[in-house]
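The next block holds one structure in the form of structure tokens; read it before the comments.
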Amino acid sequence: MPADPKNGHPAPGEPMLSVEGIALRFGGVQALAGVEFTIYAGEICAIIGPNGAGKTSMLNVLNGAYQPSEGTITFKGRTRRKMHPRVAALEGMARTFQNVALFKGMSTLDNVMAGRNLKMHSNFVACLLPVGPSRAEEARHRAHADEVISFLEIEDIRNVPVGRLPYGLQKRVELARALAAEPDLLLLDEPMAGMNRGEKAEMSRFILETKARFGTTMALIEHDMSVVMELSDHIVVLDYGRKIADGTPEEVRTDQTVIDAYLGVATEDDA
Amino acid sequence: MTVLSYFNDLYSTFFATRSRTINTVFVTVISLLALFAVPTLANEYWLQAILIPFLIFALAALGLNLLTGFAGQLSLGTGGFMAVGAYSAFKMTTAWPELDIIAIFFISGFFAAGVGILFGLPSLRIKGFYLAVATLAAQFFLIWLFNRVPWFYNDNPSGTITAPPRTFAGVMVTGPEAAAEVRYLVALVLLAVFVFFSWNLMRSRFGRAWMAVRDMDVAAEIVGIPLLRTKLLAFGVSSYLCGVAGALFVFLYLGSAETIAFDVNVSFLVLFMIIVGGLGSITGSIIGAAFITILPIFLTNLNPILGIDLAVDLAKHIEVIIFGGLIIVILILEPHGMARLIQISRERLRI
């Protein structure tokens, strides 16, 4: 299933998304301040940082769940003051959540199909009929959804309401729903949170296979450093809402500021 | 392992296909019975007192279930939306006597849909019980409006609306002369048509969008489902069906009515139907309507059958107690309603 060639899809290595001067405030708390970085097409970019560094806030700004008070977001060459979740989805951004946000009463297949809802355009009257263009469209998209389902090896639970599934599988269904949208940019908020070693390895494999097979650009938040080092091409490190490092895994690993942030060394500004 | 999974697949495909065949056969048999056997076998009392109100309430329950069970928007305005359908059908039949009565039924739903969409607007900001209270306001406002503005009942001094005699294809459908069999068949066919449409709609992108909004609206927005448009469509479709049900309620069942016929009790009654029958289940709407309309009649007739001689008021009170008790028992046994009970028994019996 090759991704649709979309207008304005950047070539590999070109900027997919960049943010500049992003600031976000919750009352008196400065969650993000002056954050800027670029995610390049085709790469896996990890956003890391200690607890409370503003990683999830950053992801929420990227897809419009939060509106930043300052700064700009440039996605596929178009610069905006803020995103809107629906606009982000329409322009080819999909995401998963730290605490799985699935449609619990619906089957795996219906959840994955919901990920394709915005690609479906049958009108209301056609949808009232059991035959005709609406059913043809439905069948076409179901075939695609089934491809994603078999890609992520969740055929066994295709018709099971996702509320009954164990956590690890729910995480995978959520990834399936995001992939079903054939996104250009996929935001993964702690895709391996709460997983055991085996499940983490499996999820890492799916993430790498997604990159290899669909060339999807990904931004992910993850706490497990071994996973981050293994998966990512590019790492952005946040601490107290500011970017403290940005580079290849090798560069970030040896960066003194990063080491200090993680180990909690007092810097002179704190004094 | 592969051989085993192959047979597993074969097995489940076989049962899935067989289950679909059984469904088709069951629906066909019920439809044929309802179309041909019932009108010839049932007497006037059965048709007028049981079957016609059952069909009409099933339509209203279907309407509310689409909104509450599928799209997750709790509404207590069903009676009000039914009243909009009834009063607009009345205004249309009296203003344009030549207009076909079946067409009027279909059109009256659009007025209810418009009003439903209007009162659905707050649903973007408020949810759950708060939305229920907002729709309750719609209920009271609409009933007040139809009571206070004489234009709606053509300045009739008694304040009632009456279904005038109208024919469809030469057969009397409404009015005092209309045969119960004909009114039954009209209600049956309309219900069947709307069940058929709803069934398809719920398996389309619209049904999925509604369920997504119901299950988690934040995630629905992230996958690109427009929240307001989706909720308003649900209010529109739901109120449309309730509006048609309201028109049928006056034109095929009551004959003439005042606003009291659509008071808040009706809203609660229809809500009970979908809760007992099964939220988010089209079949459940029909089963729930059958349960709530037929059970009280069954209980009323139980005493004479059992030969117990009770004072009328005492019998009525006991009836209400048993009725309420049964609803509680069913909900404890299966909170997802009778449709789910049937589904579980089918899975156990493998049919």
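At a glance:
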| item | result |
| --- | --- |
| Scope the stretch B:86-106; condition within 12 Å of B:V173 (Cβ to Cβ) and either touching a strand residue (DSSP E or B) at 6+ places or on another chain (Cβ under 6 Å) or of a type in the set (D, E) (or both); matching residues | B:D100, B:I101, B:I102 |
| Residue among B:I107, B:I101 that is open to solvent by 30 Å² or more (accessible area, probe 1.4 Å), modelled with pLDDT of 90 or more and of a type in the set (A, V, I, L, M, F, W, C) | B:I107 |
| Among (1) open to solvent by less than 40 Å² (accessible area, probe 1.4 Å); (2) β-branched (V, I, T); (3) not assigned by TED's automatic domain parsing to the domain that holds B:A86, the one test that B:V244 misses | (3) |
| Candidate set from the stretch B:194-209 (those that are part of a helix (DSSP H, G or I) and more than 7 Å from chain A (Cβ to nearest Cβ)); member that is surrounded by the most Cβ atoms within 10 Å (Cβ to Cβ) | B:F194 |
| Verdict on A:R142 being open to solvent by 20 Å² or more (accessible area, probe 1.4 Å), at negative phi, more than 13 Å from chain B (Cβ to nearest Cβ) and of a type in the set (K, R) | no |
| Qualifying positions in the stretch B:204-241 - β-branched (V, I, T) and under 17 Å from A:A180 (Cα atoms) | B:I222, B:V223, B:I225 |
| Subset of the stretch B:299-343 (residues that are without any contact (Cβ under 8 Å) to a residue 12 or more places away in the chain, open to solvent by less than 70 Å² (accessible area, probe 1.4 Å) and either among the charged types (D, E, K, R) or under 18 Å from B:I286 (Cα atoms) (or both)) | B:E334, B:L341 |
| Search result, residues across the stretch A:195-225 that are open to solvent by 50 Å² or more (accessible area, probe 1.4 Å) and under 14 Å from A:I47 (Cα atoms) | A:H223, A:M225 |
| Residues that are facing chain B (nearest Cβ under 7 Å) and surrounded by fewer than 22 Cβ atoms within 10 Å (Cβ to Cβ), drawn from the stretch A:79-95 | A:R86, A:L90 |
| Pair list, Cβ under 7 Å, 6 or more apart: the stretch A:96-124 residue more than 7 Å from chain B (Cβ to nearest Cβ), other residue open to solvent by 10 Å² or more (accessible area, probe 1.4 Å) and assigned to a strand (DSSP E or B) | A:S107/A:P161 |
| Boolean, A:T74 is more than 8 Å from every other protein chain (Cβ to nearest Cβ), within 18 Å of the chain's Cα centre (by Cα) and buried (at least 17 other Cβ atoms within 10 Å of the Cβ) | no |
| Where a residue in the stretch B:217-229 is facing chain A (nearest Cβ under 7 Å) and its partner, wherever it lies, is basic (K, R) and assigned to a helix (DSSP H, G or I), with Cβ under 7 Å and at least six apart | B:E221/A:R86; B:V223/A:R177; B:G224/A:R86; B:P226/A:R86 |
| Matching residues in the stretch A:165-174 - criterion: being within 13 Å of chain B (Cβ to nearest Cβ) and either surrounded by fewer than 22 Cβ atoms within 10 Å (Cβ to Cβ) or among the small types (G, A, S) (or both) | A:Q170 |
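The values are calculated or read from the model by the stated rules, or taken from the named source; none is laboratory data. Because the structure is a prediction, the values reported are computed rather than measured. No Cβ is skipped: glycine too gets one built from the backbone with ideal geometry, and neighbour counts run over all protein chains shown. When the accessible area is computed, the model is the full protein with side chains, heavy atoms only, and any ligands, DNA or RNA have been set aside. Shrake-Rupley method; radii C 1.70, N 1.55, O 1.52, S 1.80 Å.
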